[in-house]
Amino acid sequence: MTIDEITTQSTVTRILALVVGWMLWAALPAAAAESIDARVTIEADKPGPRIDPNIYGQFVEHLGRGVYEGIWVGEDSHIPNVRGIRNDVVAALRRIHVPLVRWPGGCFAELYHWRDGIGARHERPRNVNSAWGDEPETNAFGTHEFMDFLEQIGAKAFLSVNVTTGTPGEARDWLQYMTEPADSALGRQRAANGHPQPYEVPFVGIGNETWGCGGNMTASYYADVYRLYASALRSPGRQLIASDANSDDYGWTETLLDKALYRHSRSFAESAQLAYVSRQAQINMMSIHFYTFSGNDWGKKSPAVAFSASEWATSMLRTSRTDEMIQRHSAILDKYDPERQVALSFSEWGTWWAKNDKQPSNLYQQNTLRDAVIAGLTLNIFQSHADRVRMANIAQTINVLQSMILTSGKQMVLTPTYHVFDLYKVHQGAALLPTNVATGDYTSGNVTLPAISVSASRKDNGPVHISLVNLDPDREAHVTLSLNGMKTRSASARVLTAAAMDAHNDFDAPDRLAPRELKEISIRGSNVNVRAPAKSIAVIELRP
Ligand code: AHR
């Protein structure tokens, strides 16, 4: 609604609307009338750090039907494809502006040998994927197919190299094969395999979960492994990402930064002579892996659907710990890297629900409104730390964990989480705006959290975008937005919500949950009033 429309309403209409509104309000049952009040103040003319589009990154692993069927169907498939890559999935991913994809794992990356995945497909070795229950691995989807997929969806590459069963030499060969000119030894091989033009690989992760499936290392041992690989893989324009701390393992971060951040000698005399070298950070990003399940116990996961109100609450609580984790890892980073050159990358995040007998493939799970609220909340938290969190990869894009897309043969379903990424894409590359939120709480059992979460951004002097999550499953929120430094002339919003906490899309009802226009938005003087339904994710656009 525009200001003009509001001001041209006749006085009579306004009085009538007030009387009718009061009558309706008075007639509401007590429980329904209860709502959350929130006041949000946004500084529209004080742009903060840029929200790195890479926090909207994806993660694809050879696991279940994430790659095979999810992306790769083969050139002879009856499922429409371009060079073996399914068209429906490509079109859907293009729409949400995927900036980058991490591949080939995960734990699978620690067993992966890139030479198995190049050359004529029928000659590639058939292996078993022992990271994931000995699933067959045909190697039909290898380096060239991955890069083709990226080109089709318009994303950049983030390779995770093998530090457990591989060597620094193998990793270096892989990167040379991909990025060197066609007249170099390895570049010639790439050209012979159909791609004379070098590929670009801007992001390289050195190992995956090296405290676990990636070598079962101590932080101190990994710090040396990191230094070794970094010296083999460093190249101008390439960002090196150190293997993750497991959630809140702050000791890992401390040890890693102490031992591997700078290329320095510990002897004072030497480091004084090598003053320049000693300040050269050799870690560009430090990763964190953090999954949401209900509560804090891996062994007691909530079902993906038909969960209880208490499981809703404990999953929100667990998700909200993302903020504390960023703050505490950042505090350690601040000590070693006060100039804030080193970024945090959440290279695996998302929901991990209980296994069930009906799931058609490994780590396949249904994705409900709860997943969408968790995605909205997490992305708001990442954005609030835009100065440090400069990459994230939700696990995993298709048919695995908190997916964007589910497939069943030739059918495809977009999940509620996909719709959140679609709504939030307006934030990519915009400046974070300082925001103050005063809100009532959401309380359930022992869980008490702020009921709403807000993040605001703006590109240059364009509209202000506000992502607003109401995580209370029962109460709507009456939110007053007050903008400093910009006069709002018109406003609109889209919202994703449903009546049931576990509402989801399925192959027989693919559009049950999709964003719709949020009509309960109005401009009142210098404020904008919004009614955010219970358990909803809204993105509001305020136009100057
Ligand atoms: O995303 C599934 C698995 O979770 C990854 O392979 C591993 O890195 C993590 O434990």
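The values are calculated or read from the model by the stated rules, or taken from the named source; none is laboratory data. Here the structure is a predicted model, which is why all the values come from computation and not from measurement. All Cβ positions, even for glycine, are placed from backbone atoms using ideal geometry, and neighbour counts span all protein chains on display. Side chains are part of the model used for accessible areas, which takes the heavy atoms of the whole protein and leaves out ligands, DNA and RNA. Shrake-Rupley method; radii C 1.70, N 1.55, O 1.52, S 1.80 Å.
For the reader, a short list of remarks on this structure follows.
- Within region 349-382, the set of residues being open to solvent by 10 Å² or more (accessible area, probe 1.4 Å) and among the β-branched types (V, I, T) comprises I381 only.
- Any hit, region 389-406, residues being within 16 Å of the ligand (Cβ to nearest atom) and assigned to a helix (DSSP H, G or I): no
- When residues in region 414-450 are screened for being assigned to a strand (DSSP E or B), closer than 25 Å to S294 by Cα, open to solvent by less than 30 Å² (accessible area, probe 1.4 Å) and in contact with a strand residue (DSSP E or B) (Cβ under 6 Å, 6 or more places away or on another chain), 2 of them pass.
- Considering residues of region 108-132 that are within 12 Å of the ligand (Cβ to nearest atom) and either open to solvent by 30 Å² or more (accessible area, probe 1.4 Å) or small (G, A, S) (or both) only, the residue nearest to S345 (Cα to Cα): A109
- Just one of the listed residues (V420, V413, V426) is out of contact with any Ser or Thr (no Cβ under 8 Å at 6 or more places or on another chain) and modelled with pLDDT of 95 or more, and it is V420.
- The single condition among (1) within 16 Å of the ligand (Cβ to nearest atom); (2) assigned to a loop (DSSP other than H, G, I, E, B); (3) closer than 26 Å to N193 by Cα that V101 does not satisfy is (2).
- Here G187, G194, G169 are screened, and the one residue that is assigned to a loop (DSSP other than H, G, I, E, B) and not basic (K, R) is G194.
- Scanning region 47-71 for residues that are open to solvent by 10 Å² or more (accessible area, probe 1.4 Å) and in contact with a Lys or Arg (Cβ under 8 Å, 6 or more places away or on another chain) yields P47, D52, N54.
- Qualifying residue in region 85-106 (condition: surrounded by fewer than 17 Cβ atoms within 10 Å (Cβ to Cβ) and within 29 Å of G166 (Cα to Cα)): no
- Set side by side, the residues A538, A500 differ, and just one is closer than 30 Å to T314 by Cβ and open to solvent by less than 40 Å² (accessible area, probe 1.4 Å), which is A538.
- Number of positions in region 239-253 that are over 30 Å from N296 (Cβ atoms) and open to solvent by less than 40 Å² (accessible area, probe 1.4 Å): 1
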